[in-house]
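Read through the structure below, which is laid out as structure tokens, and then see the notes.
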Amino acid sequence: MNLENIQTFYFVGIGGIGMSALARYFKLKGNAVYGYDKTPSALTSSLASEEIEVGFVDDISNIPTQVLDKEHTLIVYTPAIPKHNKLLQYFTAEGFSTIKRAALLGEITKDSICLAVAGTHGKTTTSAILGHLLAECNMPVTAFLGGIAENYNSNFIYRGHEITVVEADEFDRSFLQLQPDIACVTSMDADHLDIYGDASAIEDAFRDFSKLLPKRENFLYKKGLPLDGRTVAVGEAADFEAQNIRIEDGSYVFDLKTPLTTLKDLQFSLPGHHNLFNAITALGMAILAGSPTDCLSKALLSFKGVQRRFSYKIKSDDLVLIDDYAHHPTEIDALYQAVSEMYPEDRKLVVFQPHLFSRTRDFVEGFAQSLSRFDEIVLLDIYPAREEPIEGISSDWLLEKIKNKNKKILSKEALGKEMMASNCRVQLLVGAGDIGAEVDALTQKLKDEN
């Protein structure tokens, strides 16, 4: 596909975190950009402020006139768009050029040095750190992120086009459409079993992804995974390894050993060994991309994090409120490790909104075990996203399996009162559904109370 012939882009599902980054990219390039999404959000509002027109009615009468120029328009969509979407049905029936988001990313990145970050967990934080490191080291980078990086208040970083940083999404095997020059796999846990069927199938997909790399030495992966390349680890022998780890003033200080050198006394402020691992991986990829090592320490120190990835909303003597996107047992375990390391003496309350009926069904025992470690547990109803309900799968079912007597199910409306009444100093709002939309209001309630 020759993107140079395209004048207008129309994104079906433009409010998605990955889609909105692409919309910003093409707007920056001077293209006309339009889109549709089901409901308004903070992301669609920010796009509108950048003069990107977004509609919220699934009706062909709402398609902007410029989009109807079939010869010069490209329709972009994701697998999350339901088959009954009228706009996508119309574009397909009328013979418009259509492309999946992942395939479009592949087209954009094929003429640049592509740095692809894959893994069932850690993609967004790792790619955000990587994009930030390269930008701060004056490398010509464009980064498409799966979250809002605090340093930029955006999911898009632009400092040039010679290098691209992308999240390589395993959902629907989308990452196999990329052409990476440098890549990593941060984790390979079973997930998306509604797509893959079983854990072995998702492992095969990651192995296929790793084989896309032209040079094995440009492929990094978490030590212990059944892959071939260079290993990454925290506190154990690996090609890229965090050594001499300590905590000073609430931040990690560590040495980074690489195959060629050791960087001393790096500082990193995000809590949790999972985030430290993400930082090591990003540093390794930046070095492989040719970043000068003398700027990396200052760049890493200045990284502020990603919204909804261990985001502090309140941090006082009386209350610590943390917002996090975790939606898999492994991620909840990592979250518990981080808060336990930073706040070992404090009681901890978790509010968790399960994401997808199928994921809850497939990992219910893992969720129950992970959540049981907190001192108090509050569940919200399952957020369905793209799914229809599955008989017998509910938050009540999950609650029964949690081996901790301090547990309950609440509505979102009752959360504020419950959290204010809790004697847990550390409180966490966790999940990948619409719990994120409640965070600001709950934060204000708790601030007013304190």
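The table below gives the values:
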| quantity | calculated |
| --- | --- |
| Members of the range 7-25 found to be over 16 Å from T98 (Cα atoms) and either assigned to a helix (DSSP H, G or I) or among the aromatic types (F, W, Y) (or both), listed by number | I17, G18, S20, A21, R24, Y25 |
| Residues of the range 343-400 satisfying the condition of being on the phi > 0 side of the Ramachandran plot and of a type in the set (F, W, Y) | none |
| One residue from I81, I99, I75 being touching a helix residue (DSSP H, G or I) at 6+ places or on another chain (Cβ under 9 Å) and outside any strand (DSSP E or B) | I81 |
| Filter pass, K264 being basic (K, R), over 26 Å from G146 (Cβ atoms) and modelled with pLDDT of 95 or more | yes |
| Single unsatisfied condition, E4 versus (1) buried (at least 20 other Cβ atoms within 10 Å of the Cβ); (2) assigned to a helix (DSSP H, G or I); (3) not aromatic (F, W, Y) | (1) |
| Scan of the range 101-134 for residues that are more than 24 Å from K215 (Cβ to Cβ) and basic (K, R), ordered by number | R101 |
| Elements of type strands (runs of 3 or more DSSP E) contained in the range 165-281, each with 1 or more residues being of a type in the set (D, E, K, R) and more than 17 Å from the chain's Cα centre (by Cα) | 219-222, 230-234, 240-248, 251-257, 262-268 |
| Meets criteria (among the acidic types (D, E), open to solvent by 20 Å² or more (accessible area, probe 1.4 Å), touching a residue at least 24 places away in the same chain (Cβ under 8 Å) and assigned to a loop (DSSP other than H, G, I, E, B)) for D346 | yes |
| Wholly enclosed strands (runs of 3 or more DSSP E) of the range 113-163 bearing at least 2 residues touching a residue at least 60 places away in the same chain (Cβ under 8 Å), in contact with an Asp or Glu (Cβ under 8 Å, 6 or more places away or on another chain) and under 18 Å from S20 (Cα atoms) | 141-149 |
| Residue in the range 376-391 that is aromatic (F, W, Y) and in contact (Cβ under 8 Å) with a residue 40 or more places away in the chain present | yes |
| Hits in the range 388-439 (condition: open to solvent by less than 50 Å² (accessible area, probe 1.4 Å), small (G, A, S) and under 27 Å from Q307 (Cβ atoms)) | S395, A414, G416, S422, G431, A432, G433, G436 |
| Any hit, the range 296-313, residues being within 20 Å of P259 (Cβ to Cβ), touching a strand residue (DSSP E or B) at 6+ places or on another chain (Cβ under 6 Å) and either without any contact (Cβ under 8 Å) to a residue 40 or more places away in the chain or open to solvent by 60 Å² or more (accessible area, probe 1.4 Å) (or both) | yes |
| Candidate set from the range 190-218 (those that are over 15 Å from H121 (Cβ atoms) and of a type in the set (F, W, Y)); member that is modelled with the lowest pLDDT | Y196 |
| Any pair with Cβ under 6 angstrom, 6 or more apart, that starts in the range 10-21 at a residue that is open to solvent by 10 Å² or more (accessible area, probe 1.4 Å) and ends at one that is among the basic types (K, R) | G18/R101 |
| Residue within the range 292-315 that is basic (K, R), farther than 30 Å from A42 by Cα, out of contact with any His (no Cβ under 8 Å at 6 or more places or on another chain) and not in a strand (DSSP E or B) present | yes |
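Yes/no matrix, rows are residues, columns are (1) surrounded by 20 or more Cβ atoms within 10 Å (Cβ to Cβ); (2) aromatic (F, W, Y); (3) in contact with a Pro (Cβ under 6 Å, 6 or more places away or on another chain); (4) under 24 Å from G436 (Cα atoms):
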site	(1), (2), (3), (4)
A143	yes, no, no, yes
G146	yes, no, no, yes
E150	no, no, no, yes
V165	yes, no, no, no
F175	yes, yes, no, no
Q179	no, no, no, no
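Condition check ((1) open to solvent by 60 Å² or more (accessible area, probe 1.4 Å); (2) touching a residue at least 12 places away in the same chain (Cβ under 8 Å); (3) under 21 Å from Y25 (Cα atoms); (4) out of contact with any Cys (no Cβ under 8 Å at 6 or more places or on another chain)) across all residues:
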{"site": "Q66", "(1), (2), (3), (4)": "yes, yes, yes, yes"}
{"site": "H72", "(1), (2), (3), (4)": "no, yes, yes, yes"}
{"site": "I75", "(1), (2), (3), (4)": "no, yes, yes, yes"}
{"site": "K86", "(1), (2), (3), (4)": "yes, yes, no, yes"}
{"site": "F91", "(1), (2), (3), (4)": "no, yes, no, yes"}
{"site": "G95", "(1), (2), (3), (4)": "no, yes, no, yes"}
{"site": "R101", "(1), (2), (3), (4)": "no, yes, yes, yes"}
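The values are calculated or read from the model by the stated rules, or taken from the named source; none is laboratory data. Source: prediction; values computed, not measured. Cβ coordinates were reconstructed from backbone atoms using ideal geometry, including for glycine residues, and neighbour counts include every protein chain displayed. Remember, those area values only see protein heavy atoms, side chains included, never the ligands or the DNA or RNA. Shrake-Rupley method; radii C 1.70, N 1.55, O 1.52, S 1.80 Å.
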